[in-house]
Each structure stands twice: as structure tokens, then as C-alpha cells.
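Taking it in order: structure first as C-alpha cells, then the write-up.
The values are calculated or read from the model by the stated rules, or taken from the named source; none is laboratory data. Model, not experiment: these values are computed from the prediction. Heads up, the Cβs are rebuilt from the backbone with ideal geometry, glycines too, and the neighbour counts pull from every protein chain shown. To get the accessible areas, we keep the full protein, side chains included, count just its heavy atoms, and leave off ligands, DNA and RNA. Shrake-Rupley method; radii C 1.70, N 1.55, O 1.52, S 1.80 Å.
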Amino acid sequence: MDHQTASIALSVTQLCISATMIGVYFAAPTERYTRLWAMSGVLTAAGMTIIILNALRPPGLLLMAGNVALFAGCIVVWVGLRAFFGKKIGRWAYFLVALFACAYFLLIENKAEFSARACLSSASLILVFVLCLQTLLARHPETASGKLGYAREMAIVGLLMLMTAHGLRIAVLLYQPAGLSSALMSQINIVVVYLVPLAGTLLFFPALLLLYFERIKHQLLLSLESKQEALENQTRFVEMFSHEYRTPLAVIRTNLDILQNKERNGARHFGSNLEKMQRAVLRLVEVAETALHRDQNSDGKADIVCEAIFMPDFLRSVIEEAADFWRERAPRLEFHYTKPIVFHGDRKLLKTAFLNVLDNAIKYGPKQGMVNVHLRKNDGALLLTVDDNGTGIPEHELALVYGKYFRGSRTGFVAGSGIGLYLVQRIIAQHAGSIMLVNRPEGGTSATITLPLPIQEAQSGAIKN
């Protein structure tokens, strides 16, 4: 093998690696390290090509540009490695490129021999490879757990081969045995300068791709495991709910009907209590049937049944039901609105959401507490605000109250499961809306539900509940 064949092989290899790196960059353009590695592939390929094309010409700016591009590509590889492992690095890393360019320029201006220029290039590259090796050898959570073990070891071997090749090159340049023929020195130079770096390059750069793909694989597996766990929890909840609550609710409902008939025949005065109990059971049955039907028939999309709802009448009925349900607390509920609004949404789901918000305002507030409900339009949206005069929510818990099973520190001994606001947020999100809770300056909490409202629907007030 001669110099030309070896140089062509190394250049083609660098170009192929560069094309692969660019492909990775476009496959994952948001990852900083993929951008850096793609840039390094381009720089090193361009640098090797320029160096090989100008190797037999007098040293000049083109040869300097090729060496600077090669060195800059290796620096970018190191910066990308640090970014991959989550380590910060300042702009001083790129100062090494400027320092190398100045040193190489001075050698060319002073007409230094080839051996001096080659030693500078090899020594500089060895420095960068040592920095890369230090980054790979540092303990990281991913490497310590063995997730990136094989790719990391492959990259380390490639770096060691590159360092060895450039170390041998410096040794050959500084110490040239007089007894060796020029032909043998040429063959040694081919092995040291081209073949060993070629092998190291074929190990190191593909190892970077393996590091990247192993991380993607690990992230996908974690995502899949979390989704599988969530699906299993949901399935268990639905099965438990269906098995444990459907039958008792049906029995309670049947017996309430029997008691109501006996009360009617016996003229005894416990009808109001029975009516309250029956309304509570009907509410549970409605929620259970709706939830079970949607869970069993869900295909992963928002499953809502839209119909035109005249909001003042709808909200008035919801408020009356909440007031009746919490009669023993004697809440004072007031409803305010200025213009009739029609909203297209799922009546049952919205009723569940609004009742949960009202329940929270009543049960976490004082007895005979004031709850104001405001309905209005603002910038093409329906705004429903529920203000109470309770104890409020600690500021650090305002962002946590929407979590499943979360119960605030001020809930005390009030019964609850911590799932109400989680369900409310899900229902409102299915209608492309949002909910926000804030503490009122005068005390209590203000819950604001925002739902998108097309103008033509907002202006139509003819449809009634």
C-alpha cells in the first residue's frame, strides 16, 4: 500500500462518518451533542481532505486551514462528549483552536520543517484525545449502571489507538534511525500516520453513535415502562370500581326506592332525607357509569359527546344540586352573569367538573360560607370563576393540587381522595380549556375555568337546557 491509497482510504472513511453524523443531526436536531458531533464529522473530513490534497505542495494557508479544521473537529467532539454527559464547558475550549492556529501560522511564516509542523499537529491532537478520554473515564450515572458500557469501551479503545498512532508519529519524526531504508520508513509512516488512525477512527466515531442510540433506547424503555404502569393502574382501578361499587350502589338505589314507597304509604316524615340520599346515589351512579363506559371504550382519544348547553340554566341547576347536597353546611351560593352563553360540550362531564369545584369551595370553607359563581365572556372564551372564603391554599401547593391523590396540608379531617381537581383538569382539558387556582387577597381561593367559545355560539342564546 502506498501513501496515496492509504490517504484516500482515510479521507473516504472520514467523509462517510461525516455523512452519518449529519444524518444523526437531522434525525434529532434538538440534541446539542448531535449537532456538535455532526459539525465535528464535517470539520475532520474537510481538514483531512485539504491536508491530503496539499501534502505535496509548499506549505501555505490551505495546509494551515486543513490542520486547523482537523483540530477544531476534534475539539468539537470533546465539547459534544461533555454535553452528552451533562457537563458544562465554557467558550475557553474554542480558545485552544485559536491558539493552535496561531502556532501553526508562526511555523509556516518561519518556514519550519515538516517534522516541526507534524509534531505540533500530533501533540495538539493527543491533548484533545486525552481530554476526551478523561470525559469518558469520569463516573456518570449512565456509565456506572452499565447502560453505555459497550459503546464507552469502544470509544476508549478508539481514542487509545489514535493517541498511540500520533505518539508513534512524533517518535518517528524526532528519532529517525540511520540504518532504515527510505522504503521501510515510508511503510512505517503509512502504518503510523494512516492505518492506525483509520482503525481508531472506525472505532471512535461509530462509538459516539452507539452512545447516542443507547441513550435513545434507554429513554424509550423508561417511557414505555411508565406508560405500561399507568395503564395497569388504570385497569386495576376500573376493575376494582366495577366489581366493588356497582353492586352496592344498585342495592342502595333499590332499597331507597322501597323506603320511599313505604314512606308514601305510611305518611311518615323522612322523605327529605331519602330524597337527599337518592340524589347522592344517583350522582355516584351517573359518575360511575360515565367513567366506566369511557374507560372501557376509550381508543386513546378524547371521548366527549358534544351538545349545545345554555350555560346560565345549566349552572343554576348544578349550583342547586350542590347546595342541596351540602345542606347541613348551609352554604350561601350566589350566581352572577350578564349575558346568556351557549357552550358546546359534554353535559355529564362538565357537570362532574363543576360539581367538584363547587364541592371543594363548600366543604373546605366555613359553615354558612359565601361562594360566588361568576359566568362571563372574555376574548372569545367562557370564564367561570368560583370564589370562596375558606382558608386558601399554601402558595407552594398551588401547582400540586392537580396531581392525582394529592391532598393539601390544610384539608384537615375533611374526607376526600385527592382526585377531584385531577379529574376536573382532565375534563376541562378534553374541552380544550384550562383551570387555574389562586389565593384571593381578602382570603379564600378563586378557581377560574377557561373554555374556548366560538363567537357565533357565544352570540346565540336561543337554545335552553
Response to the item:
For the stretch 155-160, Karplus-derived ³J(HN,Hα) couplings (6.51, -1.76, 1.60; θ = phi - 60°; whole Hz; x for glycine and proline) come out as 5, 5, 4, x, 5, 4
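Note the full-extension length gain between Leu99 and Ala230 as 0.36 nm times their separation in residues minus their Cα-Cα distance, in nm to one decimal.
Net length gain for the segment: 41.7 nm.
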Practice prompt. Go through 62-72, 216-226, 322-332, 108-118 and give me the packing order, highest mean Cβ count within 10 Å leading.
Written response: 62-72, 322-332, 108-118, 216-226
Discussion item. Among Pro366, Phe354, Leu383, whose Cα projects farthest towards the positive end of the dipole of the stretch 343-388, with charges put on the beta-carbon of Lys, Arg (+1) and Asp, Glu (-1)?
Written reply: Phe354
Response to the item:
Surrounding charge for Leu203, neighbours by C-beta under 15 angstrom, Lys/Arg +1, Asp/Glu -1, total 0
Worksheet item: In nm, what is the difference between 0.36 nm times the number of residues separating Asp257 and Val305 and their Cα-Cα distance?
Response: 14.3 nm
Fill in: Projected label distance in nm at Leu398 and Leu222, using a 7 Å step from Cα toward the beta-carbon
3.0 nm
Worksheet item: Largest first, how would His431, His374 line up by accessible area (1.4 Å probe)?
Response: His374, His431
Practice prompt. Sort Tyr422, Tyr94 from largest to smallest accessible area, using a 1.4 Å probe on the heavy atoms of the protein chains.
Written response: Tyr94, Tyr422
